[in-house]
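First, the structure itself, so that you have it in front of you.
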Amino acid sequence: MLSPSAHWRARLPVLLPFLNWPRLTGALLRGEALAGLTVGLMLIPQSVAYATLAGMPPVTGIYAAILPAIVAVLFSSSTRLAVGPTALTGLLVGAGLAGAVPGLQPGSAPWVQLAIWLALLSGLLQLLLGFMRFGWLLNVVNAPVLTAFTQAAALLIIGSQVRALLGLGAAAEGSASWFDLLTGGPQALLGAIDGRALAFGASTLAWLLLARRWRPGFPAVLVAVLATAGLSYLSHYEALGGAVVGALPAGLPSLVLPGWPGWELLGALLLPTLVITLISFLETASSAKVDHERGGTRWDQDQDLIGQGLGKIAAGFSGAFPVSSSFSRSALNLYAGARTGWATVFSAVVVLLALLFFVPVLHHVPLAVLAAIVVTAVLGLIKPREFARLWRVARAEAVIAALTFVVTLLAAPQLYWGVLTGVVLSLGHFLYTRLHPRIIEVGLHPDGSLRDRHLWHLPPLAPHTSGLRMDAALDFASAAEFERAIVEHLNTHPDTRHLVVFAQSINRLDATGAETFLKIAQHLHEQRVVLHISGMKLPVEQTLARAGWRAKTPAHRLYRTDAEALAALALLREEAAP
């Protein structure tokens, strides 16, 4: 037996995953530093852009890319994920606060305080789920629902950036609504557009799209920010009324302890917190699965929940908004050759140095450029062909995905209604399929397999014999349908003398299923029908035995394999032959 000290020494690498990291060597240091530099150069402008998407001061995006990223990777099992601000989480923060507290002004002190509370609450929830090993709960959102939600969110993100791309805020001084602009005719709309902002935004968008296609690892975002900041400064863009990032506070972030918002506001944050917890971790899961598949390792989703939760809590105490794993930056991290979590540490150091020395340059970056950065990042999420593929694979799930997509768009900014719609409909579909399992009458195919007798037009297994198979567990959900199928089959085939249940697909039995099975067996005995059971699994047989079922009686016959059952049925056919 291990001593207490030896037990804790064995447990420490589990509780503190970073203790498993390899020690830095010269070769590892060069590779990790290069990967960290590559990701960090992309992260700096993206962080500022995603902060504006969340309605936060731009500098909070940089805060969210330093300490939260380091804390998350230290305590995660997926060490090569790039953690920090993301477009989807930024949208969820902005839309969540706008929907929870109508009239709240983005960027205001109350907005920032509530965003910090969103980071703390979602982080605490993820931390709790991780410690309780409840990561499996996040599987309630299936792939079609997540795909539909992210595509709708991507369209909303793009729509939210159109005003900045066109410079409408600068030209119209933010006073004209979309309704006024669109109903005022083409002249009103064209007059409101700031041509300089449109030039900055369109050229940046074209440059980023071309660079992403031809040179994915090139720091195109940073080049765009530096070039447009220089042009903005030289052309006096801000002095002429152009919208720019503006002055950002330099220096390290200080510890932030948000004020108590009151129970009413805290209750209003409940649904946005749940959605951020769910969607942000699904973002992480999509990257983590790819990482672990490439590395041939097992993904510990509960440990990643702990790491992501601690990262969000660190973001809250840094005065920032919730963070998550970025799929695009994680892919870039792997592409750049990252092997451990040291790459994320180096990228955080790059961002830290930018915060200390690079902030004045960001002052002159046009907001249209930040909008182009955001649009470029989310364009890849829009995949309309996925709906067509879903329709071919599973029409019910395609309908659920379409409804999720529509509700998410219509309910904006209360995006949680889209997620809730998808989750409720998916669970309803799941329950329906569990309550209505596939039960078929089987026949012997010429190739020797057992198939649906009516679909393949096969003869009965033997005279006065029926064979049934249920492709589901026999539990409280399917028991009633199983009993109904057998009773109705006997009523429509009164000459049945032998009923064969091919039970190999029944992998679980609960109390309701056992009670139903015993009731069916008794009913068959009273009808003078011999029950044949083929391929019953041992756990199912043991559960029936505990319920009072006796395996060795003349009323039924038990076969370990389908081959044994078919051999016995062959004898029945021979006996019935003239």
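Where in the stretch 256-340 are there trypsin sites (Lys or Arg not before Pro) that are in a DSSP coil and have at most 13 other Cβ atoms within 10 angstrom of their Cβ? Walk me through the intermediate numbers first.
Working: sites: K289, R294, R298, K312, R329, R339; in loops: R298, R339.
Here the sparse-neighbourhood loop sites are R298.
Shifting gears a bit: Which one, A555, A565, L461, is farthest towards the positive end of the dipole of the stretch 439-576 when Lys and Arg carry +1 and Asp and Glu -1 on their Cβ?
Working it through, the farthest residue towards the positive pole turns out to be A555.
So, one more: In nanometres, what is the gap between the two model label sites at Q542 and L252, each 7 Å from Cα along Cα-to-Cβ?
That separation, rounded to one decimal, is 5.8 nm.
OK, next. Along the charge dipole of the chain, Cβ charges K/R +1 and D/E -1, which of L427, G309, A87 sits furthest on the positive end?
In the chain, that residue is G309.
Keeping all protein chains in position, work out how much accessible area T512 exposes to a 1.4 Å probe, and write it in Å² to the nearest 10.
T512 has an accessible surface of roughly 60 Å² with all protein chains in place.
Quick one: which residues, 5+ away or cross-chain, put their amide H under 5 Å from the amide H of H532? H built at 1.01 Å from N.
When sequence neighbours closer than 5 places are left aside, the close amide H contacts are L499, V500, V501, R557.
Ignoring ligands, DNA and RNA, what percent of the accessible area of the chain is carbon or sulfur (1.4 Å)? Write out the running numbers ahead of the final one.
Working: 18020 of 27310 Å².
With neighbouring chains kept in place, the figure for the chain is 66 percent.
So if I average 1/r over every pair of distinct C-alpha atoms in the stretch 317-420 and take the inverse, what Kirkwood radius in Å does that give?
Values: mean 1/r = 0.0561 Å⁻¹.
Across the stretch 317-420, the inverse of the average 1/r is 17.8 Å.
Where does the charge balance sit around R560 when Lys and Arg score +1, Asp and Glu -1, over other residues with C-beta under 11 Å from its C-beta?
-2
So how tilted is helix 87-100 from the main axis of the chain? Cα-based, degrees 0 to 90, rounded to 10.
Taking the Cα atoms of the chain, the angle to 87-100 is about 90 degrees.
What angle do you read, to the nearest 10 degrees and between 0 and 90, between the alpha-carbon axis of helix 416-435 and the longest principal axis of the chain?
The two axes meet at around 10 degrees.
Let me ask something else. Taking only protein heavy atoms into account and a 1.4 Å probe, give the accessible area per residue of the stretch 31-137 in Å². Provide the component values of the computation, followed by the final result.
Values: 2960 Å² over 107 residues.
For the stretch 31-137, the solvent-accessible area averages 28 Å² per residue.
If you place +1 on the Cβ of every Lys and Arg and -1 on the Cβ of every Asp and Glu, how big does the dipole about the Cα centre of the chain come out, in debye to the nearest 20? Don't jump to the answer; show the numbers that get you there.
On the way: 39 positive and 31 negative charges, 235 e Å.
Computed charge dipole of the chain: roughly 1120 debye.
Can you give me the solvent accessible area of L127 with a 1.4 Å probe, rounded to the nearest 10 Å²?
Surface open to solvent at L127 totals about 30 Å².
Report the rotationally averaged projected area of the chain based on its alpha-carbon convex hull, in square nanometres. Can you show the working numbers first?
Numbers: hull surface 146.5 nm².
Average projection, Cα convex hull of the chain: 36.6 nm².
Kindly express, to the nearest 10 degrees and within the range 0 to 90, the angle between helix 270-295's C-alpha long axis and the longest C-alpha principal axis of the chain.
So the helix axis and the longest Cα principal axis differ by about 80 degrees.
Can you give the accessible area per residue of the stretch 439-576, in Å², using a 1.4 Å probe?
Numbers: 7260 Å² over 138 residues.
Ligands and nucleic acids excluded, the result is 53 Å² per residue.
Considering only protein heavy atoms, with the full assembly of protein chains and a 1.4 angstrom probe, order L168, L257, L104 by accessible area, largest first. Please report the intermediate quantities before stating the final value.
Values: L168 0, L257 130, L104 35 Å².
The most accessible residue leads, giving L257, L104, L168.
Tell me, what is the Rg over Rh of the stretch 471-524, with Rh the Kirkwood radius over Cα pairs?
Details: Rg = 11.2 Å, Rh = 11.6 Å.
Looking at the stretch 471-524, the ratio lands at 0.96.
Place the peptides 260-267, 438-445, 219-226 in order of packing, highest mean first, counting for every residue the other Cβ atoms within 10 Å and averaging per peptide.
On the way: 260-267: 11.5, 438-445: 17.8, 219-226: 21.1.
Packing proxy ranking, top to bottom: 219-226, 438-445, 260-267.
So how strong a dipole does the stretch 439-576 carry about its Cα centre when Lys and Arg Cβ are +1 and Asp and Glu Cβ are -1, to the nearest 20 debye?
360 debye
Express in whole angstrom the spacing between the alpha-carbon centres of the stretch 115-161 and the stretch 366-407.
A separation of 16 Å, based on Cα centres.
Determine the relative contact order of the chain: mean sequence separation of Cα pairs under 8 Å and six or more apart, normalised by residue count, in whole percent. All intermediate terms of the calculation are to be shown ahead of the outcome.
Values: 994 pairs, mean separation 127.9, N = 578.
Here the relative contact order equals 22 percent.
Arranged from highest to lowest average of other beta-carbon atoms within 10 Å per residue, in what order do the peptides 317-328, 238-249, 156-167 appear? Intermediate results must be reported in sequence, preceding the final value.
Numbers: 317-328: 27.8, 238-249: 16.1, 156-167: 21.3.
Result, highest mean Cβ count within 10 Å first: 317-328, 156-167, 238-249.
Starting from the residue with the highest accessible area, list I373, I70 in decreasing order, probe 1.4 Å. Walk me through the intermediate numbers first.
Details: I373 5, I70 45 Å².
Accessible-area ranking of I373, I70, largest first: I70, I373.
Which value, in Å² and to the nearest 10, is the accessible area of W117 when all protein chains are kept and the probe is 1.4 Å?
40 Å²
Starting from the Cα gyration tensor of the stretch 439-576, multiply each eigenvalue by 5, take the square root, and state the resulting semi-axes largest first in whole Å. Write out the running numbers ahead of the final one.
Numbers: eigenvalues 100, 50, 47 Å².
So the equivalent ellipsoid measures 22, 16, 15 Å along its semi-axes.
The values are calculated or read from the model by the stated rules, or taken from the named source; none is laboratory data. Every value quoted in this text rests on a predicted model; they were computed, and no experiment measured them. Cβ: placed from backbone, ideal geometry, glycine included. Neighbour counts: every protein chain shown. What goes into the accessible areas is simple: the full protein's heavy atoms, side chains included, and nothing from ligands, DNA or RNA. Shrake-Rupley method; radii C 1.70, N 1.55, O 1.52, S 1.80 Å.
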